[in-house]
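The values are calculated or read from the model by the stated rules, or taken from the named source; none is laboratory data. What you see is a predicted model; the values in this text were computed from it and never measured. Heads up, the Cβs are rebuilt from the backbone with ideal geometry, glycines too, and the neighbour counts pull from every protein chain shown. Keep in mind that these areas ignore ligands, DNA and RNA; they rest on the heavy atoms of the full protein, side chains included. Shrake-Rupley method; radii C 1.70, N 1.55, O 1.52, S 1.80 Å.
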Amino acid sequence: MTLTSTRRLAWLALAIWLGAAAGASAQGAPPPAYAAKPSDVVVPEGETLGEFRRMIQPFKNWTLICDESLKSKRRVCNVTQSIVNAQGAVAFNWSLIATADGKPLMAMRIPAAAGVGAQIEFAMGDSPDRIVAQTDRCDASFCFATIAIGNVLRRHIRAATPCLVSYPLPQGGPVVLEAPLDGLSGVLAKLK
(Lines give C-alpha, C1' and ligand atoms only; values in the text may rest on other atoms or scores of the structure.)
Protein backbone atom coordinates (compact mmCIF):
# COMPACT_ATOMS: atom_id res chain seq x y z
CA MET A 1 0.00 0.00 0.00
CA THR A 2 1.39 3.39 -0.95
CA LEU A 3 1.50 6.50 1.25
CA THR A 4 -1.23 8.09 -0.89
CA SER A 5 -3.52 5.04 -0.45
CA THR A 6 -2.89 5.09 3.31
CA ARG A 7 -3.86 8.78 3.47
CA ARG A 8 -7.03 8.12 1.45
CA LEU A 9 -8.00 5.31 3.80
CA ALA A 10 -7.34 7.51 6.84
CA TRP A 11 -9.51 10.30 5.40
CA LEU A 12 -12.24 7.81 4.54
CA ALA A 13 -12.17 6.35 8.07
CA LEU A 14 -12.34 9.87 9.55
CA ALA A 15 -15.28 10.78 7.29
CA ILE A 16 -17.15 7.60 8.25
CA TRP A 17 -16.47 8.20 11.96
CA LEU A 18 -17.60 11.86 11.76
CA GLY A 19 -20.75 10.79 9.89
CA ALA A 20 -21.52 8.15 12.51
CA ALA A 21 -20.92 10.66 15.32
CA ALA A 22 -23.20 13.22 13.65
CA GLY A 23 -25.90 10.58 13.21
CA ALA A 24 -25.64 9.55 16.89
CA SER A 25 -26.00 13.16 18.09
CA ALA A 26 -28.98 13.69 15.80
CA GLN A 27 -30.64 10.65 17.41
CA GLY A 28 -30.53 12.24 20.88
CA ALA A 29 -27.24 11.09 22.33
CA PRO A 30 -26.97 11.32 26.11
CA PRO A 31 -25.67 14.60 27.48
CA PRO A 32 -21.91 14.77 27.93
CA ALA A 33 -20.52 13.48 31.22
CA TYR A 34 -18.23 16.50 31.54
CA ALA A 35 -18.71 20.23 31.04
CA ALA A 36 -16.63 23.38 31.42
CA LYS A 37 -16.95 24.82 34.95
CA PRO A 38 -18.08 28.45 34.89
CA SER A 39 -15.91 31.05 36.61
CA ASP A 40 -16.22 31.48 40.36
CA VAL A 41 -16.30 35.24 39.71
CA VAL A 42 -19.88 36.34 39.14
CA VAL A 43 -19.97 39.10 36.54
CA PRO A 44 -22.16 41.97 37.82
CA GLU A 45 -25.29 43.00 35.97
CA GLY A 46 -24.46 45.28 33.06
CA GLU A 47 -20.98 43.81 32.57
CA THR A 48 -20.00 41.30 29.91
CA LEU A 49 -17.65 38.33 30.08
CA GLY A 50 -14.14 39.35 29.15
CA GLU A 51 -14.79 43.01 30.08
CA PHE A 52 -14.66 42.52 33.85
CA ARG A 53 -11.59 41.83 35.98
CA ARG A 54 -11.19 40.80 39.63
CA MET A 55 -7.90 41.19 41.48
CA ILE A 56 -7.36 39.43 44.81
CA GLN A 57 -4.35 40.44 46.88
CA PRO A 58 -3.60 38.80 50.26
CA PHE A 59 -2.22 40.79 53.20
CA LYS A 60 -1.63 39.89 56.84
CA ASN A 61 -5.10 38.96 58.24
CA TRP A 62 -6.91 40.77 55.37
CA THR A 63 -7.63 40.35 51.65
CA LEU A 64 -7.95 43.19 49.16
CA ILE A 65 -10.50 42.49 46.42
CA CYS A 66 -10.82 44.93 43.51
CA ASP A 67 -13.35 44.62 40.70
CA GLU A 68 -12.74 46.62 37.53
CA SER A 69 -14.92 47.26 34.52
CA LEU A 70 -12.60 47.29 31.51
CA LYS A 71 -15.32 49.02 29.51
CA SER A 72 -15.95 51.98 31.85
CA LYS A 73 -12.51 51.88 33.57
CA ARG A 74 -14.31 51.97 36.95
CA ARG A 75 -12.65 50.14 39.85
CA VAL A 76 -14.30 49.23 43.17
CA CYS A 77 -12.29 47.71 46.01
CA ASN A 78 -13.05 46.27 49.43
CA VAL A 79 -10.90 44.83 52.16
CA THR A 80 -12.21 41.76 53.92
CA GLN A 81 -11.41 39.40 56.77
CA SER A 82 -13.12 36.14 57.70
CA ILE A 83 -12.85 34.39 61.04
CA VAL A 84 -13.74 30.69 60.82
CA ASN A 85 -14.53 28.11 63.48
CA ALA A 86 -12.78 24.75 63.94
CA GLN A 87 -14.97 23.20 61.22
CA GLY A 88 -14.06 25.96 58.72
CA ALA A 89 -17.46 27.68 58.79
CA VAL A 90 -17.47 31.49 58.80
CA ALA A 91 -18.18 32.73 62.34
CA PHE A 92 -17.56 36.41 61.53
CA ASN A 93 -16.72 38.37 58.41
CA TRP A 94 -16.22 42.07 57.97
CA SER A 95 -15.36 44.19 54.97
CA LEU A 96 -14.22 47.77 54.75
CA ILE A 97 -16.22 49.30 51.92
CA ALA A 98 -17.00 52.80 50.67
CA THR A 99 -20.40 54.30 49.97
CA ALA A 100 -21.14 55.90 46.60
CA ASP A 101 -20.02 59.24 48.03
CA GLY A 102 -16.76 57.75 49.37
CA LYS A 103 -17.57 57.41 53.09
CA PRO A 104 -15.96 54.32 54.67
CA LEU A 105 -18.20 51.67 56.25
CA MET A 106 -17.60 48.33 57.89
CA ALA A 107 -20.08 45.71 56.62
CA MET A 108 -20.34 42.65 58.86
CA ARG A 109 -21.74 39.14 58.53
CA ILE A 110 -22.54 36.66 61.28
CA PRO A 111 -24.38 33.30 61.04
CA ALA A 112 -28.08 33.55 60.14
CA ALA A 113 -29.01 31.79 63.40
CA ALA A 114 -28.33 35.09 65.22
CA GLY A 115 -31.41 36.67 63.62
CA VAL A 116 -32.41 40.24 62.85
CA GLY A 117 -31.69 42.62 65.73
CA ALA A 118 -28.73 40.67 67.14
CA GLN A 119 -26.08 42.89 68.68
CA ILE A 120 -22.47 42.59 67.59
CA GLU A 121 -20.14 44.12 70.14
CA PHE A 122 -16.53 45.17 69.51
CA ALA A 123 -14.09 45.71 72.39
CA MET A 124 -10.75 47.27 71.43
CA GLY A 125 -7.78 48.24 73.54
CA ASP A 126 -7.09 48.00 77.26
CA SER A 127 -9.84 50.42 78.34
CA PRO A 128 -11.61 48.95 76.26
CA ASP A 129 -13.35 51.13 73.68
CA ARG A 130 -16.70 49.54 72.78
CA ILE A 131 -18.73 49.77 69.58
CA VAL A 132 -22.09 48.04 69.14
CA ALA A 133 -23.73 47.21 65.82
CA GLN A 134 -27.10 45.59 65.24
CA THR A 135 -28.05 43.20 62.43
CA ASP A 136 -30.72 44.67 60.18
CA ARG A 137 -31.34 41.84 57.70
CA CYS A 138 -30.60 38.15 57.18
CA ASP A 139 -30.57 35.65 54.32
CA ALA A 140 -30.32 31.86 54.51
CA SER A 141 -26.62 32.00 55.42
CA PHE A 142 -25.83 35.28 57.18
CA CYS A 143 -27.18 38.26 59.09
CA PHE A 144 -25.77 41.66 58.15
CA ALA A 145 -24.86 44.83 60.01
CA THR A 146 -23.07 48.01 59.00
CA ILE A 147 -21.25 50.69 60.99
CA ALA A 148 -19.59 53.93 59.93
CA ILE A 149 -15.85 54.18 60.44
CA GLY A 150 -15.53 56.81 63.15
CA ASN A 151 -12.54 58.24 64.99
CA VAL A 152 -12.43 55.43 67.57
CA LEU A 153 -12.22 52.68 64.97
CA ARG A 154 -9.74 54.67 62.86
CA ARG A 155 -7.45 55.05 65.87
CA HIS A 156 -7.53 51.30 66.54
CA ILE A 157 -6.94 50.48 62.86
CA ARG A 158 -3.82 52.69 62.86
CA ALA A 159 -2.62 51.07 66.11
CA ALA A 160 -3.43 47.52 64.88
CA THR A 161 -5.28 46.88 68.13
CA PRO A 162 -6.69 43.40 68.70
CA CYS A 163 -10.48 43.49 68.47
CA LEU A 164 -12.68 41.21 70.57
CA VAL A 165 -15.98 40.50 68.79
CA SER A 166 -19.01 39.00 70.51
CA TYR A 167 -22.59 38.26 69.52
CA PRO A 168 -25.34 36.00 70.85
CA LEU A 169 -26.68 32.84 69.22
CA PRO A 170 -30.10 31.62 70.42
CA GLN A 171 -28.82 28.04 70.63
CA GLY A 172 -25.29 27.71 71.84
CA GLY A 173 -24.88 30.94 73.80
CA PRO A 174 -22.56 33.84 73.03
CA VAL A 175 -19.81 33.69 70.44
CA VAL A 176 -16.59 35.47 71.43
CA LEU A 177 -13.67 35.68 69.01
CA GLU A 178 -10.71 37.87 68.11
CA ALA A 179 -10.74 39.71 64.79
CA PRO A 180 -7.29 41.30 64.42
CA LEU A 181 -7.02 44.77 62.96
CA ASP A 182 -3.30 44.11 62.37
CA GLY A 183 -2.53 44.42 58.65
CA LEU A 184 -5.50 46.61 57.74
CA SER A 185 -3.54 49.88 57.71
CA GLY A 186 -1.03 48.28 55.29
CA VAL A 187 -3.85 47.42 52.89
CA LEU A 188 -5.27 50.94 53.12
CA ALA A 189 -1.84 52.42 52.36
CA LYS A 190 -1.83 50.44 49.07
CA LEU A 191 -5.16 51.98 48.08
CA LYS A 192 -3.96 55.58 48.30
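On the accessible surface of region 45-192, probed at 1.4 Å, how many percent belong to carbon and sulfur atoms? Present the calculation step by step, with values, prior to reporting the outcome.
Numbers: 4410 of 8550 Å².
Exposed carbon and sulfur together represent 52 percent of the surface.
Which whole-Hz couplings ³J(HN,Hα) result when phi for each residue of region 43-52 is put into the Karplus expression 6.51 cos²θ - 1.76 cosθ + 1.60, θ = phi - 60°, listed in order with x for Gly and Pro?
Once θ is set to phi - 60°, the couplings for region 43-52 become 6, x, 4, x, 9, 10, 4, x, 10, 9 Hz.
Quickly work out the T146-to-N61 label distance, labels modelled 7 Å from Cα along the C-beta direction, and quote it in nm with one decimal.
In this crude spin-label approximation the distance works out to 2.5 nm.
In terms of the Cα gyration tensor, with a ≥ b ≥ c the square roots of its eigenvalues, is region 90-150 rounded because a/c is under 1.5, prolate because a/b exceeds b/c, or oblate? Don't skip to the answer; put the middle values down first.
Working: a/c = 2.08, a/b = 1.15, b/c = 1.81.
The shape class here is oblate.
Using a Förster distance of 25 angstrom, determine the FRET efficiency expected from the C-beta separation of R158 and R75, and round it to 0.05.
About 0.50, to the nearest 0.05.
With contacts defined as alpha carbon pairs under 8 Å and 6 or more residues apart, what's the relative contact order of region 84-192 in percent?
Value for region 84-192: 21 percent.
Just report the Cα centroid separation between region 130-192 and region 75-123, whole Å.
For region 130-192 versus region 75-123, the Cα centre distance is 6 Å.
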